[in-house]
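Right, one structure below, let's go through it.
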Amino acid sequence: MKRILIMNGPNLNLLGVREPGVYGNDTLANIEQRLREAAVQFGVHVDFVQSNHEGVLIDHIHAAIGKYDGIVINPGAFTHYSYALRDAFSSVGLPVVEVHLSNIHAREQFRHHSVIAPVAVGQIAGFGAYSYELGLQAIVRYLERSH
């Protein structure tokens, strides 16, 4: 069974409370529950990590070597400037799908650029909590095609 790590960056622990007009009313716990259900349908195992600390996320990326087949991440604000996360992803060699609740390309100018996208197999943005389910489906399909 393929194993997928689903990661969330800073402030995503506040989903459901933080700017619901932008990010929706779903909590991170609700999103994770739906992803567990989707994982059963896709025949994969999922684990979750959320941190507001860049180094903690990097440690989880490094620890994913040999344990996970792919990663889905919503890097939050780290999307736009964390070369350390970008380098961690490129170092471990695991396929990564970047997801965002909002359409980062339709928001403030500083949000338009992702330093993660060049090392990801793809990016999904703008579908609210459903972006995660699309991201999970995308990584599963990518792994099926590449193995």
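What to note about this one:
- Carbon plus sulfur fraction of accessible area for the range 10-147, probe 1.4 Å, in percent: 51
- Solvent exposure of the range 86-147 amounts to 47 Å² per residue of accessible area, where only protein heavy atoms count and the probe is 1.4 Å.
- Listed peptides 117-125, 52-60 appear in the order 117-125, 52-60 once ranked by packing, highest mean of other Cβ atoms within 10 Å at the front.
- Helices in the chain, meaning DSSP H runs of at least 4 residues, each add -39500 (n - 2.57). Divided by all residues, the mean residue ellipticity at 222 nm is -11500 deg cm²/dmol.
- Whole-Å semi-axes of the ellipsoid equivalent to the range 1-145 (Cα gyration tensor, √5λ, descending): 21, 18, 14
- Ordering 5-14, 27-36 by mean Cβ neighbour count within 10 Å, with the highest value first, yields 5-14, 27-36.
- Computed FRET value (nearest 0.05) for S146 with H45, which takes r as the C-beta separation and R₀ as 25 Å: 0.85
- Cα gyration tensor, the range 7-78 - rounded (a/c under 1.5), prolate or oblate: oblate
- Here the extension length gained between A63 and N30 equals 9.3 nm, from 0.36 nm per residue of separation less the Cα-Cα distance.
The values are calculated or read from the model by the stated rules, or taken from the named source; none is laboratory data. Being a predicted model, the structure only gives us computed values, none of them experimental. With ideal geometry, Cβ positions are generated from the backbone for all residues, glycine too; neighbour counts draw on all protein chains shown. These area figures cover heavy atoms from the full protein model, side chains too; ligands, DNA and RNA do not enter into them. Shrake-Rupley method; radii C 1.70, N 1.55, O 1.52, S 1.80 Å.
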